[in-house]
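Reviewing the structure listed below.
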Amino acid sequence: MTAFVNDAALFTVSQKAILKDKKGRILMMEKTGKRHWDLPGGKLDEGEDMVAGLEREIIEETHLHKVHVGQIIYAGRRSFEEVGKPERVMLFYLCECDQKFEKIKLSDEHNEWRLLSADDIKDQKKYEINPVVRAALKVAFALK
């Protein structure tokens, strides 16, 4: 895969890993202190290679080391922006994991993880998910 570099002066890039289990459910994590559910991943550091940055975030947040970053399946702009900060672009990668999800050890950033089905994410009261992330999940669930 071609290495791309983030130019943080123009915009920031947030990358998310879509990891499915054998039943087609997707790994989601609840942010500590919030009712907000998200995918593993995060913001690239300035000048960081995109694939290496996503791999770093996955390891930091889940301690899963055997993840293969695949193709980008969705991209969108974050639906809320901070005043005076560069725009945030979100990229969603379909990834594969050679480890069992039971091996997950969450960082302090998250307090719980679950494997969610397409039906689960429809429950917007139970699972608060950013609209851009929710749109990416719909694309991911549509893929076989």
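Quick rundown of the values:
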read-out	value
Near pairs, Cβ below 6 angstrom, 6+ apart or cross-chain, from the range 22-43 (over 17 Å from T62 (Cβ atoms) and without any contact (Cβ under 8 Å) to a residue 24 or more places away in the chain) to any residue that is acidic (D, E) and open to solvent by 70 Å² or more (accessible area, probe 1.4 Å)	none
Single match in Y93, Y74 (criterion: modelled with pLDDT of 95 or more, part of a strand (DSSP E or B) and either in contact with a Pro (Cβ under 8 Å, 6 or more places away or on another chain) or closer than 17 Å to R25 by Cα (or both))	Y93
Checking D45 against (1) of a type in the set (D, E); (2) touching a strand residue (DSSP E or B) at 6+ places or on another chain (Cβ under 9 Å); (3) in a loop (DSSP other than H, G, I, E, B), the condition it does not meet	(2)
Some residue of the range 53-71 being among the small types (G, A, S), crowded, with 17+ Cβ neighbours inside 10 Å and not in a strand (DSSP E or B)	yes
Complete set of residues in the range 104-144 that are out of contact with any helix residue (DSSP H, G or I) (no Cβ under 9 Å at 6 or more places or on another chain) and open to solvent by 80 Å² or more (accessible area, probe 1.4 Å)	D108, N111, D119, K122, K125, E128, P131, K144
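The values are calculated or read from the model by the stated rules, or taken from the named source; none is laboratory data. A quick note: this is a predicted structure, and the numbers were derived from the prediction, not measured. Positions of Cβ are backbone-derived with ideal geometry, glycine not excepted, and every protein chain shown enters the neighbour counts. Note: areas computed on protein heavy atoms with side chains; ligands, DNA, RNA excluded. Shrake-Rupley method; radii C 1.70, N 1.55, O 1.52, S 1.80 Å.
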